[in-house]
Number of protein chains: 4
Amino acid sequence: MAQEKASHREKVSGVFAPIATPFDEQGNLLLDKLFSNIQKLNKSKLRGYLVLGTNGEFRSLSTKEQMEVLKTAVKAASPDKTIMAGTGAESTNVSIELCHLAAENGAHYGSLINPFFFAKQISDIALIKHFTQVAERSPIPVLLYNNPGVTNVTMSTAVIREVSSHPKIVGMKDSSPGNLSAYILNAKPGFSILAGSANFFFTALLMGGVGGVLSLADAYPDPCCKLYDLGVAGKLEEGRALQYELMRVNQMVSGKYGVAGVKASMDFAGFYGGPPRAPLPPMKPEDRTKLREDLIAIGFLKG
Amino acid sequence: MAQEKASHREKVSGVFAPIATPFDEQGNLLLDKLFSNIQKLNKSKLRGYLVLGTNGEFRSLSTKEQMEVLKTAVKAASPDKTIMAGTGAESTNVSIELCHLAAENGAHYGSLINPFFFAKQISDIALIKHFTQVAERSPIPVLLYNNPGVTNVTMSTAVIREVSSHPKIVGMKDSSPGNLSAYILNAKPGFSILAGSANFFFTALLMGGVGGVLSLADAYPDPCCKLYDLGVAGKLEEGRALQYELMRVNQMVSGKYGVAGVKASMDFAGFYGGPPRAPLPPMKPEDRTKLREDLIAIGFLKG
Amino acid sequence: MAQEKASHREKVSGVFAPIATPFDEQGNLLLDKLFSNIQKLNKSKLRGYLVLGTNGEFRSLSTKEQMEVLKTAVKAASPDKTIMAGTGAESTNVSIELCHLAAENGAHYGSLINPFFFAKQISDIALIKHFTQVAERSPIPVLLYNNPGVTNVTMSTAVIREVSSHPKIVGMKDSSPGNLSAYILNAKPGFSILAGSANFFFTALLMGGVGGVLSLADAYPDPCCKLYDLGVAGKLEEGRALQYELMRVNQMVSGKYGVAGVKASMDFAGFYGGPPRAPLPPMKPEDRTKLREDLIAIGFLKG
Amino acid sequence: MAQEKASHREKVSGVFAPIATPFDEQGNLLLDKLFSNIQKLNKSKLRGYLVLGTNGEFRSLSTKEQMEVLKTAVKAASPDKTIMAGTGAESTNVSIELCHLAAENGAHYGSLINPFFFAKQISDIALIKHFTQVAERSPIPVLLYNNPGVTNVTMSTAVIREVSSHPKIVGMKDSSPGNLSAYILNAKPGFSILAGSANFFFTALLMGGVGGVLSLADAYPDPCCKLYDLGVAGKLEEGRALQYELMRVNQMVSGKYGVAGVKASMDFAGFYGGPPRAPLPPMKPEDRTKLREDLIAIGFLKG
């Protein structure tokens, strides 16, 4: 592993919370709620925060709002936490611009979702060129972000094989089902791969992943950090049991209700979740009540 | 048909060019090229321009750049042309904000692509609410924009049935293959439906569509306007022949190469096309030569 | 147009009913019901019957049952009707075998759906080779059958361009939304293209299609034949009105409920429809009642 | 775990080879090659064989051919091997018929792919009813088979939750990427889940899967059986290393070339692979040479 990459590995290993962006019912940003949410999370063993990710509804914000969110998160975060910020746009030029803005506002790493609006015309070669150019012109190092659930594109292992040796492309967050091992197999040494979902966090760690960005950690950072420790220690039985418990919760919350569910679970756990921004619909009151009861029933939430 | 809608119908009937956004090789905006392109198009019988659409690579621009493009287009357009501007964002709030910016910069209509980042969680009800709220809070009327080729979502006829009666939702641009008649069937009287592709422009007109937004018109406005006249007049034989001719060209250009092809054909026709913005790749030189030769071979371009 | 193909054109032009296969509640074949259904249809101006198509649930039958169905249909059909039979299987060998069986049982044409089980590995070249080999070794001429709604594959225009000149591949049934004109544009002269849905039957005829295989004709052959006459005569206004009327019915019936809806509408119209074969679910009684009422309300069915 | 299910678990645990069906260049069945292939595999520690699966090209065979293949496989298999046979058809009736035929020809278990031709209309409820009815009327117990790569349908966890308690539905082969843990989480105790790909075999075992049906085992049964032992023993480091080695091979072979690749690798390893049945194309000679060299280069094949 190159010296340089090794220094990043420590900063991007462990559990990250993909910070939710708080809104009121009219869709106005609530920066004070964001601030207090992060202050609460600071007390956990989380390695850091991913601001402006999918669960942060980054594409639902104006650029100005994005930077207000980032600035607030950076201010609220304790200094030991690593801050990643979503800086991937549909063009190389705008992605570079966002990396600059994110760096100015205190992010340590940029997180680059692949451009997908013109997906059918973006070859692996074009994508490799894109990531490389952004990394080279960004003031901060970057991680790739693969999430076919929203982009309808699964990054190819050929792209990872190619860009994983770049000194400023330090890793990847993979939210796709079933590809993480293939990315690890194809990546160059030192490339840090993070699970993008609690559904496969434990197996990711067993197979060589270095951490996870888990929406579950927005409301429940402690069991996520515990599962990380079990994975790193290779404690199979205990880890498997906790993995299944967290998967069950994750399916109830994020799997069934997406961002709205994550935010509801934050409300239940003493954070401010609130509604997602329209047109993303909030949970129906009866679904919310049911979810709360279910979380209590499985002993994950106190009644 | 309501009085109000009737007044819009005239302004949105006919052929629109979805204005391409000119860049240099580094992806820098070339506003002067945009200005001169539109000045050339002003001489045609085009009904107007769609600025900041898919062929305008609107999602590859920053908001600031989008408004520079719009301002330039408005300044260049002759006063008889209708200006539509892409104002659809991933959230209701940001879409409203863009409608305001577009209005301030001179657009007559906003064009609302459906939010699709969280597609799986956006029900018809959420979409109807979104379009209605944007229309109500927008200073200018809007048209919907359906393009599953980029969004992976086909708007349902139920959405059209519901929103087509709204006084400020005056119509729809439909780029989906094979749904236009179903939208006409389900829309309320006075709702203006435009074909989003030359591939089905003639049949759209025969079935009750009022016009088209045709990338072919960026380089070849005149035959597009002629096909419109034939469709309106119901001249079956002549119209069919021209429809097939334009479809052949459209498949060679946009069908095969997308925005890069449209821009190349603009170069051939005396406009400035230039490269698309990365990561969208430019045409390979050999493909470009071949396309030029093919367009000459079928008599569409002078050698 | 080659002499040979011209002789086929007459036999495959006009309206075809895609014959539904009658079952009882346990999924047993009811050949007598099939017989009487066809005898009723014989009185119409239908050009012929497509036996063992998608609406015939051909993939839900054993090969033995398929041949019983075909034999019965052939026996019931009046001699002026053209009989097409679904003979497309997942392999070239089995497709050829089915063409032989169909010919022995009296079919005039085979209908070849594209193999799609291994879709990702079947290139255009492989598909062209497949269709050509089947046609060459089949005792009867064949038509292609394109239906991405069930196969998830849209045949490319390149395939049509290539195989449409083959003397024994006489045409195509296209059930895809929005591609029919492109197939006509790319096909060699004499290749007969049939619309696979009432949704685009009229425009198909206006653009050069020669007929349609319309599930609506299973229950309502007469208005389908009337629309054919209007299309052939180029009567725009009257044709458009009837097209929209039939589209409305088609969306209520086949669009919403698929084969189960087609069969229910047959029951309403005095044919035997019955339930589809499991696991395809029958219509719920309340949906069936509602559909009946809706068909009466729009004047398509007598109360 | 119910007594009955426990007795099955032993029979379906371990590694299964999804037996390839040998053809000559004209697509004729070569039953003697099948016989000798299985005799060679008998010497391995494989738990058994899946005959008439996806890699057996079951949908490319006539029913008569399917039964000849099964009969031959049963005759060739040593008595300690468990025989599963693909018996899933598009209808409940035909699936039951195939289960009967398979039982008569010596299969111990039926493997039920989900009906997918009418996928859009088959609800979870319809699917549950289908699997239950087939199981109840089948003379042999069945396993489900989930392979969205060919069916475009991912079985829902709700289906598994419901049918996994049925005494005659003893397990499931899951070839989908990333869902296996979720199926385990939702299945009733005693339901045996097998990985359908070497890509996730080791993690499947660590998370509670009981075995795998691995195309890699057609040519290389021994390392597959070794990985099974490592998984069962929970040997993390050694298992991970072998998992990655096998994944690399699997991606070269099956991942890149599908059935054609599996068959080529069988040829290399001393079995008869031969070409797949048309229209599935055989590997190009140059690709075949390259694959052979690559397998030698990574030490998986002797030069």
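The values are calculated or read from the model by the stated rules, or taken from the named source; none is laboratory data. On a predicted model such as this, the values are computed, not experimentally measured, just so you know. Glycine also receives a Cβ, built like all others from the backbone with ideal geometry; neighbour counts cover every protein chain displayed. Quick note on the areas: whole protein, heavy atoms, side chains included, nothing else; ligands and nucleic acids left out. Shrake-Rupley method; radii C 1.70, N 1.55, O 1.52, S 1.80 Å.
Couple of notes before you dig in:
- Subset of the stretch B:279-296 [open to solvent by 40 Å² or more (accessible area, probe 1.4 Å) and either assigned to a loop (DSSP other than H, G, I, E, B) or modelled with pLDDT under 95 (or both)]: B:Pro281, B:Pro282, B:Lys284
- Of the residues making up the stretch A:276-302, those that are of a type outside the set (A, V, I, L, M, F, W, C) and within 14 Å of chain B (Cβ to nearest Cβ) are A:Pro276, A:Arg277, A:Pro279, A:Pro281, A:Pro282, A:Lys284, A:Asp287.
- Among the conditions (1) of a type outside the set (Asp, Glu); (2) exposed (fewer than 15 other Cβ atoms within 10 Å of the Cβ); (3) more than 17 Å from the chain's Cα centre (by Cα), the only one that D:Phe35 does not satisfy is (2).
- Against the conditions (1) in a helix (DSSP H, G or I); (2) away from chain D (no Cβ under 14 Å); (3) of a type outside the set (A, V, I, L, M, F, W, C), A:Arg161 satisfies every one except (2).
- C:Leu214 vs. criteria in contact with a Cys (Cβ under 8 Å, 6 or more places away or on another chain) and modelled with pLDDT of 95 or more: yes
- Residues in the stretch A:179-195 that are more than 14 Å from A:Val210 (Cβ to Cβ) and under 17 Å from the mean Cα position of the chain (by Cα): A:Asn179 alone.
- Selection within the stretch A:40-57: residues that are open to solvent by 10 Å² or more (accessible area, probe 1.4 Å) and out of contact with any Cys (no Cβ under 7 Å at 6 or more places or on another chain). The member of this set that is nearest to the other protein chains (Cβ to nearest Cβ) is A:Thr54.
- Checking each residue in the stretch B:217-231 for being within 14 Å of another protein chain (Cβ to nearest Cβ) and either more than 18 Å from B:Val12 (Cβ to Cβ) or modelled with pLDDT under 95 (or both) picks out only B:Leu230.
- Count - residues of the stretch B:89-110 that are open to solvent by less than 10 Å² (accessible area, probe 1.4 Å) and charged (D, E, K, R): 0
- Number of the exception - C:Gly273 against (1) assigned to a helix (DSSP H, G or I); (2) more than 14 Å from chain D (Cβ to nearest Cβ); (3) under 17 Å from C:Lys290 (Cβ atoms): (1)
- Failed item, numbered, when A:Ile113 is tested on (1) within 12 Å of chain B (Cβ to nearest Cβ); (2) surrounded by fewer than 22 Cβ atoms within 10 Å (Cβ to Cβ); (3) out of contact with any Pro (no Cβ under 9 Å at 6 or more places or on another chain): (2)
- Top-ranked residue in the stretch D:165-191 [being among the polar types (S, T, N, Q) and touching a strand residue (DSSP E or B) at 6+ places or on another chain (Cβ under 8 Å); ranked as most open to solvent (accessible area, probe 1.4 Å)]: D:Asn179
- Among the residues of the stretch A:207-235, those identified as aliphatic (A, V, I, L, M) and surrounded by 24 or more Cβ atoms within 10 Å (Cβ to Cβ) are A:Met207, A:Val213, A:Leu214, A:Leu216, A:Ala217, A:Ala219, A:Leu227.
- Selection status of C:Ser138, more than 13 Å from chain D (Cβ to nearest Cβ) and more than 18 Å from the chain's Cα centre (by Cα): yes
- Complete set of residues in the stretch D:236-269 that are among the hydroxyl-bearing types (Ser, Thr, Tyr), within 14 Å of chain C (Cβ to nearest Cβ) and either touching a Leu at 6+ places or on another chain (Cβ under 6 Å) or open to solvent by 40 Å² or more (accessible area, probe 1.4 Å) (or both): D:Tyr257
- Applying the set (1) more than 13 Å from chain C (Cβ to nearest Cβ); (2) touching a residue at least 60 places away in the same chain (Cβ under 8 Å); (3) of a type in the set (A, V, I, L, M) to D:Ile169 leaves exactly one unmet item: (2).
- Within the stretch B:220-240, being within 23 Å of B:Ile19 (Cβ to Cβ) and of a type in the set (A, V, I, L, M) holds for one residue alone: B:Leu227.
- Residue ID - farthest from the other protein chains (Cβ to nearest Cβ), chosen from residues in the stretch B:58-71 that are among the hydrophobic types (A, V, I, L, M, F, W, C) and either touching a Leu at 6+ places or on another chain (Cβ under 7 Å) or surrounded by fewer than 24 Cβ atoms within 10 Å (Cβ to Cβ) (or both): B:Leu70
- For the stretch D:192-206, a residue qualifies if it is open to solvent by 10 Å² or more (accessible area, probe 1.4 Å) and more than 11 Å from every other protein chain (Cβ to nearest Cβ), and exactly one does: D:Gly196.
- Residue pairs whose Cβ atoms lie under 8 Å apart, separated by 6 or more positions or on different chains, with the first residue in the stretch B:39-54 and under 23 Å from B:Asp229 (Cα atoms) and the second of a type in the set (Lys, Arg), are B:Asn42/B:Lys81; B:Leu46/B:Lys81; B:Arg47/B:Lys11; B:Arg47/B:Lys81; B:Gly48/B:Lys11; B:Gly48/B:Lys81; B:Tyr49/B:Lys81; B:Leu50/B:Lys173.
- The numbered conditions (1) more than 8 Å from chain A (Cβ to nearest Cβ); (2) within 25 Å of A:Asp24 (Cβ to Cβ) are all true for B:Ala102 except (2).
- Flag not set for A:Asp287, criterion: within 29 Å of A:Leu61 (Cα to Cα) and free of Cβ contacts under 8 Å to residues at least 24 places away in the same chain.
- D:His100 satisfies every condition listed in (1) in contact with a helix residue (DSSP H, G or I) (Cβ under 6 Å, 6 or more places away or on another chain); (2) over 29 Å from C:Lys256 (Cα atoms) except (1).
- Pairs, first closer than 13 Å to B:Leu194 by Cβ in the stretch B:6-29, second among the acidic types (Asp, Glu) and open to solvent by 60 Å² or more (accessible area, probe 1.4 Å), C-beta under 9 Å, six or more apart: none
- Residue count for the stretch D:23-39, restricted to those that are in contact with a helix residue (DSSP H, G or I) (Cβ under 9 Å, 6 or more places away or on another chain), away from chain C (no Cβ under 14 Å) and either of a type outside the set (Phe, Trp, Tyr) or over 18 Å from D:Lys64 (Cα atoms) (or both): 7
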